[in-house]
C-alpha cells in the first residue's frame with residue numbers, strides 16, 4: 001500500500017565521494033530515511049526487462065501498469081519505514097533518469113563527486129588495508145595483481161568507478177539535468193553546515209540543525225561480504241583529513257583532471273562545488289556555486 005504524502009529522492013554520483021556520509025547526515029532528520037546502496041535499482045531494471053519487447057509479458061502490461069509496478073518496488077521495500085521522505089542510494093540512478101522521473105515526477109537526485117585520482121587512492125587504501133582478502137571488486141587474479149591493473153579495472157566503462165562517471169556525465173547533459181545537484185565531497189567535509197543548508201533549499205525542505213560532531217554509520221556485514229572491512233564506515237566528526245596519495249605519481253596524474261563537473265556548459269544541473277577563480281593556480285578555493293536558470297553563477301561564497 002502506498003504511503004500517503006511520502007516523497008522519494010535519490011543519492012547517486014561517484015563512489016568514495018561521500019554518499020554514505022550524506023546519507024548518515026540526512027538520517028539525523030527524523031523525517032528522513034537514507035542509507036547505503038539499496039537493491040532497488042537492480043530490481044527496477046530487472047522488472048523493466050521482464051516486460052520489455054521480446055518477452056511473453058510485453059503485450060500484457062500497459063505503460064501505466066509498468067509505472068505502478070515500479071513504484072510498488074519502493075513502497076514494498078520501504079514499507080517498514082515511517083519517515084515521510086525516503087532517499088534511495090544507488091550509482092545507477094543517473095543512468096535511469098528517463099524511467100525514474102516518470103515514476104517519481106518530483107524526485108531530485110543528489111550526486112556526490114570527488115577528483116577521480118583521490119577516488120582511486122581511496123579504493124587502493126581499502127585494498128591494502130584488507131591485505132588478507134581477495135576482494136570481490138576484481139574479477140581475476142590478473143586484475144588485482146598490481147596497483148596499475150587494479151586502477152585500470154576500476155576505471156572500466158562498466159566497472160565501479162568508470163560506470164558512474166559516465167552515467168553522471170550523461171545525466172548532466174540530459175533533459176532531466178535540472179533534477180540533479182552535484183555536491184563536491186571536499187566542500188562537504190570542509191563546510192558541511194553550508195552545504196547541507198543548500199541541499200535543503202534544493203530539495204524544498206524545511207531547515208534542520210545537523211550534528212556534525214556525532215555522525216554514525218557502518219555496515220560491517222555488507223563490507224565483509226565484499227572483502228573490504230570499513231568500506232561504509234564513516235568518521236564520527238565531519239572534517240577534512242589531509243594525506244599524501246599512495247598511488248604512483250604517473251597513475252595519480254592520469255586521473256587528476258577528469259572533474260568535468262567543474263565546468264558544465266549548456267547543462268541545467270545545479271552545483272555545490274569548489275571552483276578556482278579564473279586567475280588562480282593550484283588547489284581549488286572554497287566556493288559554493290549554484291547556477292541560475294541562465295546557467296550563470298547564482299551563489300558564490302568566498
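What to note about this one:
- Looking across the stretch 134-172, the residues that are touching a residue at least 24 places away in the same chain (Cβ under 8 Å) and assigned to a loop (DSSP other than H, G, I, E, B) come down to 134, 135, 136, 137, 155, 160, 161.
- Of all residues in the stretch 196-220, those that are within 20 Å of residue 33 (Cβ to Cβ) and touching a residue at least 24 places away in the same chain (Cβ under 8 Å) total 13.
- Residues within the stretch 50-72 that are in contact with a helix residue (DSSP H, G or I) (Cβ under 7 Å, 6 or more places away or on another chain) and surrounded by 14 or more Cβ atoms within 10 Å (Cβ to Cβ), tallied: 5
- Number of positions in the stretch 22-31 that are over 22 Å from residue 172 (Cα atoms) and crowded, with 21+ Cβ neighbours inside 10 Å: 3
- Subset of the stretch 36-49 that is in contact with a strand residue (DSSP E or B) (Cβ under 9 Å, 6 or more places away or on another chain) and either assigned to a helix (DSSP H, G or I) or free of Cβ contacts under 8 Å to residues at least 60 places away in the same chain (or both) - its residue that is surrounded by the fewest Cβ atoms within 10 Å (Cβ to Cβ): 38
- Residue in the stretch 1-21 that is loosely packed, with under 15 Cβ neighbours inside 10 Å, over 30 Å from residue 209 (Cα atoms) and at pLDDT below 95 present: yes
- Residue count for the stretch 175-195, restricted to those that are part of a loop (DSSP other than H, G, I, E, B), touching a residue at least 40 places away in the same chain (Cβ under 8 Å) and within 14 Å of residue 108 (Cα to Cα): 1
- Applying the criterion of being touching a helix residue (DSSP H, G or I) at 6+ places or on another chain (Cβ under 8 Å) and at pLDDT 75 or above to the residues of the stretch 200-225, the residue that is surrounded by the fewest Cβ atoms within 10 Å (Cβ to Cβ) is 206.
- Checking the stretch 110-117 against the condition returns a match, with at least one residue being in contact (Cβ under 8 Å) with a residue 40 or more places away in the chain and in a helix (DSSP H, G or I).
- For the stretch 53-66, a residue qualifies if it is at pLDDT 90 or above and not in a helix (DSSP H, G or I), and exactly one does: 62.
- Condition check for residue 131: out of contact with any strand residue (DSSP E or B) (no Cβ under 6 Å at 6 or more places or on another chain), more than 22 Å from residue 23 (Cα to Cα), assigned to a loop (DSSP other than H, G, I, E, B) and at pLDDT 95 or above: no
- Among the candidates 228, 247, 258, 251, residue that is modelled with pLDDT of 95 or more, touching a helix residue (DSSP H, G or I) at 6+ places or on another chain (Cβ under 8 Å) and in a loop (DSSP other than H, G, I, E, B): 247
The values are calculated or read from the model by the stated rules, or taken from the named source; none is laboratory data. Given the structure is predicted, the values throughout are model-derived calculations rather than measurements. Ideal geometry is used to build each Cβ from the backbone, glycine not excepted, and the neighbour counts take in all protein chains shown.
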